[in-house]
Amino acid sequence: MKLRFSAAGLLWVVLAAAVFAIAVVPLIYTVDAAFYREIRTGLSSERSLTAVVNVFTSAEYLGFLWNAILLATLVTLASVVVGVAMALVLGRTDLPGRGVFDLLVIMPMFLSPFTGLIAWIAMGSVKTGFINVTLISIAKWLGFDLPPLVNIWSYAGVVWVMFLFFTSPVYLFTVSSLRSMDTALEESSRTSGATAMQTLLRITLPMQLPAILSSALLVFILAAEMYTIPGLIGSTVGFTTLPWRIYQDSTSFPVHQAHAAAAGTLLLLLAILGVWLQRRITRMSSRYVTISGKGFRSSPLKLGKWKFFAYALVLGFILCADVLPIAGLLVSSLMKYSAPAITTEIFTLAHYAQIFTLQNMLDALWNTAWLAVLSGAACVLMGFIISYMDVRRPGRATQMLAFIGVLPVAVPGLVYGIGLLWVYIQTPLYGTAWVLLLAYIAKFLPYGIMTSRSGILQLHPEMEESARMSGATSLKVLQAVTMPLMKTTLIAVLVFVMLQSIKELSASVLLYTQKSQVLSVLTWHYMDAGNYQFAAAVGVVQTVMMLLLVVLTRAVFRVKLEKSVAG
Amino acid sequence: MMNESFLARWATRLLGVVALLPALAMAQAVPNTDAKLYDAAKKEGSLVWYESGPLEPMKDVANEFEKKYPGIKVEVLRIVGVQQYQRFMQEVQAKRHFVDILHISDKPSMDTLITDGHVADWKVPMHDRFLPVFRIKTHAYANYTTDNAIVYNVNKVTPEEVKILESSWKGVLDPRFKGRFAVSNMKCGACYASIHMFLDPKMKETYGLDFLKKVAAQKPAVYSEVLVGLDRVIAGEHDFTFWTWEGIANTKWLQGAPIRWVRPSPTPDFGNSWQAVSKYAPHPNAARLFQNWSFSAEGAVVLQEKYGSATTMSGVADKRKVAKESWYHPIKQRYNPDFVRWDSEFHRDMDLWSKVLQDAR
């Protein structure tokens with residue numbers, strides 16, 4: 001019997017082996033850890049179901065899970081509504097200034113949740129937050145008293161801060177899909193007498209379902225596994241989410257490692273359900289084809305009198321998600337210590353001076369930059385090939401790889417990090433920055449797979465078939481037809497993964513050594529030690545660095561995310 | 001039978017001696033004076049220190065060591081809490097030895113490492129100047145104390161109120177403090193120490209669960225991260241923390257923050273961070289030299305100046321700036337935690353504290 005492998009097939013086999021080694025094995029270890037008896041410093045060698053039973057059946061843990069699901073649902077709903085609305089406005093209408101707005105709308109992704117939280121604590125505290133202090137001062141100047149209007153230490157505060165963080169990814173992935181969409185159906189709808197709004201609701205939005213669903217699922221999973229914002233703010237209003245409990249179980253002595261792993265497995269099951277649902281809904285892939293060989297581009301929708309509302313939506317978001325937190329971060333970074341307002345007495349530039357004289361800072365900046373670029377490129381390439389094989393060559397093996405490749409996204413970093421450490425410590429790469437690269441690929445490959453899949457689903461196979469009939473090999477088809485057509489989506493994934501890599505902490509903090517310092521770990525050390533002003537300064541530098549990386553990437557790939565439909 | 005037993009006994013003894021040989025060889029191999037250690041350490045050139053304190057002060061401490069002993073570079077890696085223990089043990093299991101000096105902020109964990117034989121038996125020359133509560137056999141030492149202090153914003157708390165807070169831990173129950181202070185339910189050693197004392201069966205009559213309930217009834221703001229609570233006190237959001245610790249308060253005070261602190265009696269005060277030489281240290285001489293220096297009078301003064309916490313070494317003058325302040329008072333009466341009870345009750349007590357706070361909402 002003669003085995004025949006195409007080049008693409010061979011590439012897939014290599015990829016499958018790589019995914020299994022770097023992402024799935026740590027995941028197996030993570031799940032396996034739930035089935036041991038705990039000792040005060042970790043796990044004994046004795047098997048036990050105690051942790052699994054405790055976590056899966058106790059009202060306490062299930063209550064924490066419910067809190068996480070409820071919070072993630074609220075955050076996802078708000079993020080999808082606003083993110084998709086902004087994507088439509090900036091991706092499909094004639095609103096002036098789209099180019100600038102595009103970058104500003106994705107800017108919240110440049111802040112790490114922890115630094116963003118520092119900014120919002122400084123901005124939104126009741127008595128001393130910059131917002132309340134400023135508003136109350138203005139009111140006093142105008143001659144009336146105003147009570148504090150903003151309170152970040154509330155449930156609404158948690159939802160608000162998380163919503164501001166998670167709207168940008170929804171926007172990014174939806175707008176990318178919108179911009180690469182063939183508008184023939186929209187044109188038909190409009191020539192058949194439908195209004196712009198009817199076309200939007202009946203044609204455009206349903207066609208974007210894969211992109212919207214994949215970004216919603218991504219946001220839901222990320223929101224459900226986030227522990228920083230719900231943990232730090234939530235405790236003041238008396239609610240605990242499962243990820244925060246996992247954080248407590250895995251970071252304080254005596255450690256409850258099996259409980260943390262079992263709770264992580266609970267979140268993993270939730271993600272499996274989500275990914276399965278998403279795949280079910282988008283199973284009829286031909287329904288969502290938005291790019292075909294016969295496409296033509298139409299003119300953007302004219303907003304007319306709706307322009308004011310579109311501006312209000314976009315500018316309002318930019319004010320709340322960019323201007324306020326970045327201003328808060330900047331002001332905090334110029335203070336010696338926290339205060340309700342900056343004065344000459346507490347003003348200092350020392351934190352910035354210290355950053356650039358700090359041992360390891362240049363190494364950390366360099367490591368952070370190259371790790372971001374390489375992990376971004378690897379996740380785009382691997383994610384694309386895995387999804388391509390999943391959609392275009394559906395079979396048990398290809399679908400299974402696409403399915404399990406996304407699962408690490410659901411496991412909280414602290415739990416997954418232990419699995420990564422366990423696997424990588426046994427390789428010669430341990431102790432070098434290369435091990436961080438593998439960890440980042442393992443953690444962020446799911447974004448590459450999920451987003452590429454929705455992009456491929458929207459691509460009609462007829463163009464690839466034409467190329468193949470003209471004699472092109474599988475790899476040539478990928479390189480010359482499929483990838484160029486998906487360029488905007490793939491660049492979006494690249495940018496997103498690069499930004500996630502720059503902010504990554506949970507695996508880095510477990511795997512870093514003196515030779516592999518990264519910026520996120522350095523920042524965290526200062527925050528963890530209570531030096532929030534210095535951490536704010538590092539956060540500002542980190543934000544500028546991410547901005548530069550995005551601008552550089554767009555220059556290198558000659559693709560502007562803000563490219564309008566009118567072209 | 002007798003012959004078999006006799007042979008078995010002697011075989012066991014012989015095996016015991018053979019097993020001890022590497023240790024004896026090591027004892028012979030390790031130089032016993034700092035000068036000899038330094039010569040040997042210079043050949044190693046560096047050491048790796050897994051530390052659990054704030055990064056910058058500890059780097060400053062390492063820099064002072066490097067100045068004193070040129071030619072030996074200290075690589076400082078901040079790995080906190082349980083993560084340091086887990087990383088070290090995973091490295092041990094994988095036989096990938098990177099670390100020379102361990103510095104773990106949990107005494108029972110250091111006890112476990114010593115019992116399991118992962119820590120070198122290295123008695124520092126100044127061993128006797130550390131009270132037994134600040135050392136574990138001749139293996140590990142606590143280099144600074146962690147206490148519990150009520151840290152207040154000087155612009156928010158009057159001198160009269162300071163006296164009330166300083167007079168007793170129960171001062172916080174004064175009705176005037178209702179809704180004015182911050183507490184934390186974070187699971188950390190310094191966060192737990194006072195809870196541990198309040199729930200001490202010997203102090204049940206004075207404090208106990210009832211006291212915790214009364215504190216919660218004062219409607220404090222609850223922070224899951226103790227240092228965020230302190231930050232909000234500095235900003236003026238709350239008037240004082242019920243409680244943090246002197247080391248961090250001193251760091252903020254040196255930066256100019258408008259805070260001071262009082263420590264009612266008895267004050268929980270203990271060795272929270274324990275330093276030892278790894279048995280598998282790749283740079284054993286440099287590690288031992290660093291350990292000797294860390295627990296010398298010179299090392300204690302450097303740590304005191306750079307980190308801000310009081311040293312555990314007896315006979316070292318408190319040269320910190322804050323010690324010269326008129327408002328600053330040394331601890332009058334120490335409370336030593338019971339680490340056996342600590343280890344068994346930590347999670348239960350902290351969960352109880354969280355529940356008490358939750359119920360009072």
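The values are calculated or read from the model by the stated rules, or taken from the named source; none is laboratory data. Computed from a predicted model, the values in this text were never measured in an experiment. Here the Cβ positions follow ideal geometry from the backbone for every residue, glycine too, while neighbour counts run over all protein chains shown. When the accessible area is computed, the model is the full protein with side chains, heavy atoms only, and any ligands, DNA or RNA have been set aside. Shrake-Rupley method; radii C 1.70, N 1.55, O 1.52, S 1.80 Å.
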Per DSSP helix of 4 or more residues, -39500 (n - 2.57); summed, then divided by the residues of chain B. What does that give at 222 nm, rounded to the nearest 500? -14500 deg cm²/dmol
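Please state, as a whole number in µm²/s, the translational diffusion coefficient that the Stokes-Einstein equation yields for chain A at 37 °C and 0.692 mPa s, with Rh defined as the Kirkwood radius across alpha carbon pairs. Please list the in-between numbers first.
Details: Rh = 24.8 Å.
Once the numbers are plugged in, D ends up at 133 µm²/s.
Tell me the mean residue ellipticity at 222 nm calculated for chain A from its helices only (DSSP H runs of n ≥ 4, each -39500 (n - 2.57), averaged over every residue, nearest 500).
On the way: 27 runs with 372 residues, N = 567.
That calculation yields -21000 deg cm²/dmol at 222 nm.
Using a cut-off of 12 Å between beta-carbons, work out the net charge of the residues near B:Tyr50 (Lys and Arg +1, Asp and Glu -1, B:Tyr50 not included). Before the final figure, lay out the partial values.
On the way: positive: B:Arg78, B:Arg87; negative: B:Glu51, B:Glu75, B:Glu91, B:Asp100.
Neighbour charge sum, excluding B:Tyr50 itself: -2.
For segment A:73-191, what does the alpha-carbon gyration tensor say about shape, rounded, prolate or oblate, given a ≥ b ≥ c as the root eigenvalues, a/c under 1.5 as rounded, and a/b over b/c as prolate?
On the way: a/c = 2.80, a/b = 2.10, b/c = 1.33.
Note, shape of segment A:73-191 comes out prolate.
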Cα gyration tensor shape for segment A:396-475, rounded if a/c is under 1.5, else prolate or oblate: prolate
B:Glu298 accessible area, nearest 10 Å², 1.4 Å probe? 80
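Per residue and in Å³, how big is the convex hull formed by the alpha-carbon atoms of segment A:106-155?
Working: hull volume 4.5 nm³, N = 50.
In segment A:106-155, the Cα hull volume divided by residue count equals 90 Å³.
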With at most 12 neighbouring Cβ atoms within 10 Å, loop trypsin sites (Lys or Arg not before Pro) (DSSP) excluded, longest segment of chain A: A:5-282
Taking the Cα atoms of segment A:434-567, what is the range of coordinates along each of the three principal axes, in descending order and whole Å? 62, 35, 22
How fast does segment B:192-322 diffuse by Stokes-Einstein, in µm²/s, taking the Kirkwood radius from C-alpha pairs at 20 °C and 1.002 mPa s? 121
Spelling it out for A:Met335: with amide H atoms placed in the peptide plane at 1.01 Å from N, the residues 5 or more places away or on another chain with amide H under 5 Å from its amide H are A:Thr348
So, how do all the Cα-to-Cα distances of chain B break down into 20 Å bins, in percent, from 0 on up? 28, 51, 19, 3, 0
HN-Hα J couplings of segment B:146-158 from phi, Karplus 6.51/-1.76/1.60, θ = phi - 60°, integer Hz, Gly and Pro as x? 10, 10, 10, 9, 8, 9, 10, 8, 5, 7, 10, 10, 7
Based on DSSP loop calls and a cut-off of at most 11 other Cβ atoms within 10 Å, the longest stretch of chain A free of exposed chymotrypsin sites (Phe, Trp or Tyr not before Pro) is what? A:297-567
Among A:Leu301, A:Phe35, A:Ala364, which residue has its Cα positioned farthest towards the positive end of the charge dipole of chain A, with +1 placed on the Cβ of Lys and Arg, -1 on the Cβ of Asp and Glu, and the dipole taken about the Cα centre? A:Leu301
Cα-based Rg and Dmax for segment A:340-493, in Å, come out at 21.2, 74
Taking the alpha-carbon distance from B:Lys163 and a cut-off under 13 Å, which aspartates and glutamates remain once sequence neighbours fewer than 8 residues away in the same chain are dropped? B:Asp174
Report, to the nearest 10°, how far helix B:189-198 tilts away from the longest principal axis of the Cα atoms in chain B, using its own Cα long axis and a range of 0 to 90°. 60
In Hz, Karplus ³J(HN,Hα) per residue of segment A:375-387 (6.51, -1.76, 1.60; θ = phi - 60°; x = Gly, Pro): 5, x, 5, 4, 5, 5, 5, 5, x, 5, 5, 4, 5
Could you tell me which of B:Ile248, B:His283, B:Gly299 has its Cα farthest along the dipole of segment B:194-317 towards the positive end, charges placed at Cβ (Lys, Arg +1; Asp, Glu -1), taken about the Cα centre? B:His283
Hey, got a sec? Which chymotrypsin sites (Phe, Trp or Tyr not before Pro) in segment B:262-350 land in a DSSP loop and have at most 12 other Cβ atoms within 10 Å? B:Trp327
What are the ³J(HN,Hα) values, in whole Hz, obtained from phi via the Karplus relation 6.51 cos²θ - 1.76 cosθ + 1.60 with θ = phi - 60°, for each residue of segment A:52-67 in sequence order, with x given for Gly and Pro? 5, 5, 4, 6, 7, 10, 7, 4, 4, 5, 5, x, 5, 5, 4, 4
Net charge near B:Tyr207 (other residues with Cβ under 12 Å of its Cβ; Lys, Arg +1; Asp, Glu -1) is +2
For segment B:91-105, state which residues have at least 50 Å² less accessible area in the presence of all protein chains than in their chain by itself, taking the probe as 1.4 Å and leaving out ligands, DNA and RNA. B:Arg96
About its Cα centre, chain A carries a charge dipole, from +1 on Lys and Arg Cβ atoms and -1 on Asp and Glu Cβ atoms, whose size in debye to the nearest 20 is 1540
Please give every one of the lysines within straight-line cross-link reach of B:Lys36, meaning a C-alpha to C-alpha distance under 26 Å, and leave out same-chain neighbours fewer than 8 residues apart. B:Lys59, B:Lys67, B:Lys68, B:Lys73, B:Lys123, B:Lys137, B:Lys279
Two-site label geometry, A:Ala555 and A:Leu77: point separation in nm, points 7 Å out along Cα→Cβ: 4.4
Tensor-based shape of segment B:74-169 (alpha-carbon gyration tensor, a/c under 1.5 rounded, otherwise prolate or oblate): prolate
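Which number do you get for Rg(Cα) / (2.2 N^0.38 Å) in segment A:506-560?
Details: Rg = 14.1 Å, N = 55, 2.2 N^0.38 = 10.1 Å.
Against the compact-globule rule of thumb, the ratio is 1.40.
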With all protein chains present, chain A has a carbon and sulfur share of its accessible area (1.4 Å probe) in percent of 70
